[in-house]
1. Which residues, taken from the stretch 154-183, are surrounded by 16 or more Cβ atoms within 10 Å (Cβ to Cβ) and charged (D, E, K, R)?
2. Could you check the stretch 170-190 and list, in sequence order, the residues that are closer than 20 Å to residue 66 by Cα and in contact (Cβ under 8 Å) with a residue 60 or more places away in the chain?
3. In the stretch 134-153, how many residues are outside any helix (DSSP H, G or I) and touching a Phe, Trp or Tyr at 6+ places or on another chain (Cβ under 7 Å)?
4. From the list 126, 117, 156, pick out the single residue that is assigned to a helix (DSSP H, G or I) and free of Cβ contacts under 8 Å to residues at least 12 places away in the same chain.
5. Going by the structure shown, is residue 169 on the phi < 0 side of the Ramachandran plot and assigned to a strand (DSSP E or B)?
6. Name the residue that is modelled with the lowest pLDDT, counting only residues in the stretch 48-101 that are of a type in the set (Phe, Trp, Tyr) and surrounded by 14 or more Cβ atoms within 10 Å (Cβ to Cβ).
7. Looking at the structure I just gave you, is residue 210 basic (Lys, Arg), part of a loop (DSSP other than H, G, I, E, B) and at pLDDT 95 or above?
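The values are calculated or read from the model by the stated rules, or taken from the named source; none is laboratory data. Quick caveat, the model's predicted, so the values are computed rather than measured. FYI the Cβ positions are ideal-geometry reconstructions off the backbone, even for glycines, and counts take in every protein chain you see.
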Amino acid sequence: MKISNNMPGKKIKKITKKSEDKSAIANAVVKEEDEKTLVVEVPEETKFTPIVEQDISGGEDVGDEEISREIAKKIKEDAGKPDRYFEAIGRRKTAVARVRLFTKGEKEFIVNNKPYQQYFILPEDQETAVSSMKKMKCFDKFRVTVKVEGGGRHAQAEAVRHGTARVLVDFNQNFRKRLRKAGFLTRDPRMRERKKFGLLRARRAPQWAKR
């Protein structure tokens, strides 16, 4: 509620707290208040307008059918052009994945020159690596090549997911909202704390014995 003390043309209005229901009272001054009602001074030209929640995630949320149409349209536009690709970097812990998305060629998902099922042994890591593509229902519509290094297999899978989400947004900005809601565009900065000299690990000190 915005408060203003010196507004011309004020008049007294009495409203119930129950009837307010998330409404914004612009330029109002609270005169009296009890358990059920509020007595406020409101300028005559002031209107009671509802609070509108704004979406700051950016981009438009699109449906599955619209996604398929946009992908087909983009691929058709690139049919007569020289081969090109979209590129993005994904990171997790110390793992870094460079993802390239091709609109032409055989539809496959390659990680370090191997099919992703062979590179990622665990089913959980396989699902994590391709989750951004499956979220946008375009897993079988592109050729994706990934070069990933650093970290362990699980961190690499999450880095691939981050990179594929970024490259899809580079391909079409309308994909941003759905990927942002899923949390695939957020860089997870958590990583292991470095070891310190004189300690066994980051904070683990050698055991001390008095005698």
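1. Hits for the stretch 154-183 are 158, 161, 166, 176, 177, 178, 180.
2. Within the stretch 170-190, 170, 171, 172, 173, 174, 175, 176, 177, 178, 180, 181 meet the criteria.
3. 4
4. Just one listed residue meets the conditions, 117.
5. Here the answer is no, as residue 169 does not meet what is asked.
6. Selected residue: 85.
7. In short, no.
Conditions tested, residue by residue: (1) surrounded by 14 or more Cβ atoms within 10 Å (Cβ to Cβ); (2) under 23 Å from residue 68 (Cα atoms); (3) acidic (Asp, Glu).
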site	(1), (2), (3)
123	no, no, no
144	yes, yes, no
147	yes, no, no
192	no, no, no
